[in-house]
Structures are given as C-alpha cells and as structure tokens.
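This report concerns only the one structure given below.
The values are calculated or read from the model by the stated rules, or taken from the named source; none is laboratory data. What you see is a predicted model; the values in this text were computed from it and never measured. Backbone-built Cβ (ideal geometry, glycine too); neighbour counts: all protein chains shown. These area figures cover heavy atoms from the full protein model, side chains too; ligands, DNA and RNA do not enter into them. Shrake-Rupley method; radii C 1.70, N 1.55, O 1.52, S 1.80 Å.
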Amino acid sequence: MRGPVDRIAAYVDDLIHNRRPRRFKASAEEMQALQRLGRQLRSQMEPRRVHESVSRRALLRTAGFAAAAGVAGAVIERTIAAQPLGQQSTLMPDHGTWRAVAAVADVPAGQALRFSSGPVEGVVVNDSGTIKAVSAVCTHQGCLLLLDAAAHRLRCPCHPTVFSMTGKLLSYQLATPPANLPTLQARVRDGQIEVLVV
C-alpha cells in the first residue's frame, strides 16, 4: 500500500510526463500539499522580470519535491509530536529498505553530506568516525533544511531556526520550540553509507 509521499510523487511524475494523473482519495495533509503545489506553480508561471528559461518539467519536478517534502514533514511532525521536549526520536519505516546515499570516503570525520533518496531528505554525519543520519526536514513546517557545512549547522530557510548536525535544536525565533530532528537508521556496508528509507 502506497503512503502519502508515494501518492504525491506519482501524481507529480504523471504531470512531468504529460500523463493524466491517477486519481486517489487524498488525505487532509495531501490536499494541503497539492494546494501548496498549485500555488507554487502559479507563482512560478507568472512572467519573469529576468529572462530565464525554466522547462515545465524542471518546474514540476522542483515543485513536486517541495510538495512531497511537505507531506513528509507532516508525517514526521505527527511521528514526533508526542516526544518529550528535548528528546530525539528515530524514524522507523514499516517496510524500509537500505539505500546507499554516499561513499564513506566522501564524508571525512567531522563532516556532513546532504542527501536525497526518494521521499527521504537527510544528512549523513561522520561524528568522530561514527556515521549518523538525521532528517533534513524542519520539524516546524516541513521546510527542507540547508546544510551550512562551515558552521556545522542545519538552517531552515523558512524561519530562523538552527539545528546541530546531529539534529539537536540550537536556536529558534518561534512561539514554541520545534522538536529536535528525528534520526534515521544508518550503517556502513562495503564502503558505502546506507540509510533505511521507505
């Protein structure tokens, strides 16, 4: 059975390939993600001041990833909403598979690397020789976090919120503190860093 992220991704894939999207009964979260996708597409289709050529396919792909990330953010938010303040949860997909996201050699000690694997957005970190992974989706509104490698931080582009490379909340300017980033299961196998994803 496909989850919400898979259904949104399939919908966007149909649009990208000029197919009529398959019908599905959308949850409230999926409806919100699709509405955000529609708003983003409309705003991107407005005449540009600077002459840039953006293909319809690239536009749909970018907006689709944003919509899928929004759904993933909502799922993550629901998953970690019950966790006590200051604690960190681990995302455990029901039917996950291990997927290589980087070579160990690409992430030296003290460094991090952003990855995208299907609907999972994350960061792998070499913490003094121990490989760890955290979600790269902000726990406030599901925005994709930016990796600030020089400062060893993850920053939210939607609001001034900063997380450590291991997912701990460092600073925020919101009415209530967002939860720490959930960790992802990671392992090293045959020189590759693998993360358990849906």
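A few notes on this one:
- Applying the Karplus relation 6.51 cos²θ - 1.76 cosθ + 1.60 with θ = phi - 60° to the stretch 98-115 yields 3J(HN,Hα) values of 7, 10, 5, 10, 6, 7, 4, 4, 7, 10, x, 3, x, 10, 9, 9, 7, 9 Hz, where x marks Gly and Pro.
- Considering only V137, H159, L174, and ranking their Cα positions along the charge dipole of the stretch 128-198 that arises from unit charges at the beta-carbon of Lys, Arg, Asp and Glu, the one farthest toward the positive end is L174.
- The simple spin-label model puts a point 7 Å past each Cα toward its Cβ; for W98 and A149 those points are separated by 2.6 nm.
- Solvent-accessible ranking of Y11, Y172, largest area first, probe 1.4 Å: Y172, Y11
- Ordering of 147-159, 115-127 by packing [mean C-beta count within 10 Å, highest first]: 115-127, 147-159
- Simple spin-label estimate for T130 and Q32 in nanometres, 7 Å along Cα-Cβ: 3.4 nm
- Placed amide H near C143: partners under 5 Å, 5+ positions off or other chain: C138
- Accessible area in the full protein assembly, largest first, 1.4 Å probe, for I131, I8: I131, I8
- 3J(HN,Hα) couplings calculated from phi for the stretch 159-176 with the Karplus curve 6.51 cos²θ - 1.76 cosθ + 1.60 (θ = phi - 60°) are, in sequence order, 7, x, 10, 10, 10, 6, 5, 9, x, 6, 5, 9, 7, 7, 10, 10, 4, 10 Hz; Gly and Pro show x.
- Near A103, the amide H atoms lying under 5 Å from its own belong to I193; only residues 5 or more places off or on other chains count, and H is placed 1.01 Å from N.
- Only Lys, Arg (+1) and Asp, Glu (-1) charged, at Cβ; the stretch 91-151 dipole about Cα centre in debye: 40 debye
- Seen from A112, the other residues with C-beta closer than 10 Å to its C-beta sum to a net charge of +1, counting Lys and Arg as +1 and Asp and Glu as -1.
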